[in-house]
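Scroll down for the structure; my scribbles are underneath it.
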């Protein structure tokens, strides 16, 4: 690992509706305007994403087609004691790691994707999860001109998996394809949204909002350029999840519509939470996606070494304070022993892996030694 180390409805309908955010009102469309949340000053923002895969080389081939670049080549098999402690894995677990990055759609700072492959440990394979199932998830990328460009490249490479999203799976009869879902080799859902016919020299986010007051008409949905845009999380209790990611991790979320449902379909809620991309002025999102079908259900019990399991990294400036708040909010330790010292290349810091209060989202808190608070603060 380096400095920045490193889920709706059955039949995929729920996540597909999320894909149509340009065409439907957000959950808060009928709510009065509120001021954007100022966030948590001790959380610098979303910083990276980590993912467990079955074959590093195959995954790298897939993500390179999606404009990811390899910044750390796959390591050889080894027992990485630090990684095993951080992820709460058996001491003898062997792993290989690669780090990829892609352009962010909202800043000039790249977005990191950390891929891990494991052996020597019991693994479950979650690659067949339905898009709306607890434990599944998606990553959203902004692409240029037409989603069919990416789809055709994946098809030519023998890596195209087009999930069945019903009516939302069909391409338009004429013209470019504005959005689509594909899956990576291990079943993770990748949402593609295209910038179509941009005007030269004009930022596409001009006049758009990147906070909880945004509506369908003025929401900054695509960023201002191609690249990483957001992560989606399927949840069983949207209110509980919103509280954790807002109050503890500083996300700017709209209130949940008490009329129930979120406005995206019967019993469905989609909340767009805005977070700084760590170290930048750009705002990326963590979508909380709830449905009546998942209400009250427990998580599937995924482990970080299982195939197709994801974690999201947040960079913080006071890891002790955020860790304490997370524990008080109901998050549980994954890291053996809590906060630990880590070394990413030549950089020293501290990190801890946690499971959110719903038991669905893995979260890593990371603090560089350069941002540690002074003694007495």
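Restricted to Cα atoms, the stretch 10-371 shows a radius of gyration and a Dmax of 19.3, 57 angstrom.
The ratio of the alpha-carbon radius of gyration of the stretch 166-263 to the globular-protein estimate 2.2 N^0.38 Å is 1.30. To the nearest 0.05, what FRET efficiency results for residue 121 and residue 170 with a Förster distance of 56 Å applied to their C-beta separation? Between residue 121 and residue 170 the formula returns 0.85.
Subtracting the Cα-Cα distance of residue 341 and residue 78 from their residue separation scaled by 0.36 nm leaves 92.7 nm. In this entry, the stretch 29-159 is assigned a mean projected area of 12.1 nm², taken as a quarter of its C-alpha convex hull surface.
Label-to-label distance for residue 58 and residue 371 is 3.6 nm, based on points extended 7 Å past Cα in the beta-carbon direction.
Summed over all non-identical Cα pairs, the Kirkwood treatment of the stretch 122-231 gives a radius of 15.5 Å. Dimensions of the stretch 267-376 based on its C-alpha atoms, expressed as ranges along the principal axes with the largest first, amount to 48, 34, 29 Å. Measuring between their Cα centroids, the stretch 132-162 and the stretch 271-324 lie 21 Å from each other.
Structural descriptor for the stretch 10-371: relative contact order 24 percent, calculated from alpha carbon pairs under 8 angstrom and at least 6 residues apart. The modelled label-to-label distance between residue 327 and residue 216, using points 7 Å beyond Cα along the C-beta direction, is 4.5 nm.
Bear in mind that the values in this text are calculations on the coordinates, not laboratory data. In this text the structure is predicted, and so the values were computed from the model without any measurement. Neighbour counts are summed over all protein chains in view; Cβ atoms, including those assigned to glycine, are modelled from backbone coordinates with ideal geometry.
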